[in-house]
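The values are calculated or read from the model by the stated rules, or taken from the named source; none is laboratory data. If you're wondering where the values come from, they're calculated on a predicted model, not measured in any experiment. Backbone-built Cβ (ideal geometry, glycine too); neighbour counts: all protein chains shown.
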Amino acid sequence: MTKMKENGLLLVNLGSPATPTTPDVKEYLKEFLSDQNVVEMPKVIWQPILKGIILPMRSWRSATFYRDCWQEEGSPLIINTKKLTVKVQDNLPDWDVEMAMTYGHPSIPEVLEKMKKNCQHITVLPLFPFFTKSTTQTIIEKVKYAAPDATIIDRFSEEKTYLDILSKTIQKAWDQGSYDKLIISYHGIPSAMVRHGDPYQDQTDAATREIIKRVNIPEEKVQMAYQSKFGPMPWLKPYLKNTLLKEAQLGHRNILLVTPAFVADCLETLEEDGIQNYQSFRENGGDNLTLVPCLNDNSEFAQFLSNLAISRNQEH
C-alpha cells in the first residue's frame, strides 16, 4: 500500500484539443467558450450564436492553426506543462506533483480525486502569473467544488523572483540581436471585464513597469500590447497586430516580442505570433519578429514555483 504524502501540488494550465482535428477542436472550443467566466453574455443569447455560427466557422480554421504548431508528441502546451511538472516534482521529492487542464484532459476534478487519496493537503497553482476572471476564476471554482480544503495560489506576477527570472530571459534575448523595439504582449481580455472590476490590466501595467526597471533596455524602446482578441466587442488596447504594423511603418523593422501571460509555449505564441503576426509584420515592411521563448521548463522557474508552493503551504 502506497504511503499517503503530506503534501500535493497541482499545476493547472488552460488546456488543448486532444488532436488537431476539426471534431476535437470543436469539442474543446465548445467547452472553453461555454464558460461564463470567458464569455459573460447570457447563455440564452450566447449558446445559439456559439452553436450556430462560432463553432461551425471557427473549428476547422482553428484546427489548421493547431496543425501548424502540433508536435510529434502532441500539443505544445501539454508537452511543455508536462516537462515543467517533472522538474517541479524533482524539486519536491516528498510531494505528489501533478498537472491538470481547465478544459480538456487531464481535468481538474479527475486529478484532484486521485490526489485526495494520496495527499493530506493539496496546493493548487494555476500557471497564470496574472489573475483574471477569464482564466483563474474558473480554476478556483472547479477546485472549490472538487477539493474545498485545497490552498489556491491565484497569481504570482508580483513575486520578485518571478520578475527577476522573466527579466533575465528578456535581457539575454535582447543582447543576442540588434532590435529597434521590445514589445511586451499580454493575452487580452474584454474591456468590459476591467470595467466590472477585473484587476488584470493593473497587474500587467505593474509587471511592465517592473520589467523596465530590471532590464538594460531604454524605456522608449519598450512597448506594451495585448493579443488574441476574440469576437466583436472591444478588448484591452493597444492590439498587438496594430502595434506591429505601426512599428513597421515607423521603420522599426527588428522587433523582440515577449509574452509574459503565457508560461508555456502554445498556439498563441507559436502559431499566432510565430506565424500569423510574423507574416503580417513582414508583409508590412518588417524584417525580423523574434519571439522570446516562454519560461516553459526553465530550471529557475521550476525552482521558483516549488519554493512558492512551500512558502504558501507553510502559511496554510
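Which residues, counting only those in the range 63-118, are part of a loop (DSSP other than H, G, I, E, B), under 21 Å from the mean Cα position of the chain (by Cα) and loosely packed, with under 14 Cβ neighbours inside 10 Å?
Correct list: 73, 105.
Filter the range 218-247 for residues that are of a type outside the set (D, E, K, R) and in contact with a Phe, Trp or Tyr (Cβ under 6 Å, 6 or more places away or on another chain); which is farthest from residue 291 (Cα to Cα)?
Here the answer is 236.
Taking residue 25 as the residue in question, decide whether it is surrounded by 20 or more Cβ atoms within 10 Å (Cβ to Cβ), modelled with pLDDT under 95 and in the same structural domain as residue 14 (by TED's automatic domain parsing).
no
Being assigned to a loop (DSSP other than H, G, I, E, B) and within 22 Å of residue 217 (Cβ to Cβ) is the filter here, so list the residues in the range 228-256 that pass it.
Within the range 228-256, 238, 250, 251, 252, 253 qualify.
Can you say whether residue 49 is outside the structural domain of residue 270 (by TED's automatic domain parsing), under 27 Å from residue 155 (Cβ atoms) and assigned to a helix (DSSP H, G or I), as far as the supplied structure shows?
no
Go over the candidates 264, 302 one by one and state the one that is touching a helix residue (DSSP H, G or I) at 6+ places or on another chain (Cβ under 7 Å), touching a residue at least 40 places away in the same chain (Cβ under 8 Å) and not assigned by TED's automatic domain parsing to the domain that holds residue 176.
302
Within the range 173-182, can one find any residue that is part of a loop (DSSP other than H, G, I, E, B), among the aromatic types (Phe, Trp, Tyr), more than 26 Å from residue 92 (Cα to Cα) and touching a strand residue (DSSP E or B) at 6+ places or on another chain (Cβ under 6 Å)?
Yes: the range 173-182 contains one or more residues that are part of a loop (DSSP other than H, G, I, E, B), among the aromatic types (Phe, Trp, Tyr), more than 26 Å from residue 92 (Cα to Cα) and touching a strand residue (DSSP E or B) at 6+ places or on another chain (Cβ under 6 Å).
For the range 26-46, enumerate the residues that are over 18 Å from the mean Cα position of the chain (by Cα), in a helix (DSSP H, G or I) and closer than 26 Å to residue 263 by Cβ.
If the condition is that a residue be over 18 Å from the mean Cα position of the chain (by Cα), in a helix (DSSP H, G or I) and closer than 26 Å to residue 263 by Cβ, then 27, 30 are the ones that fit.
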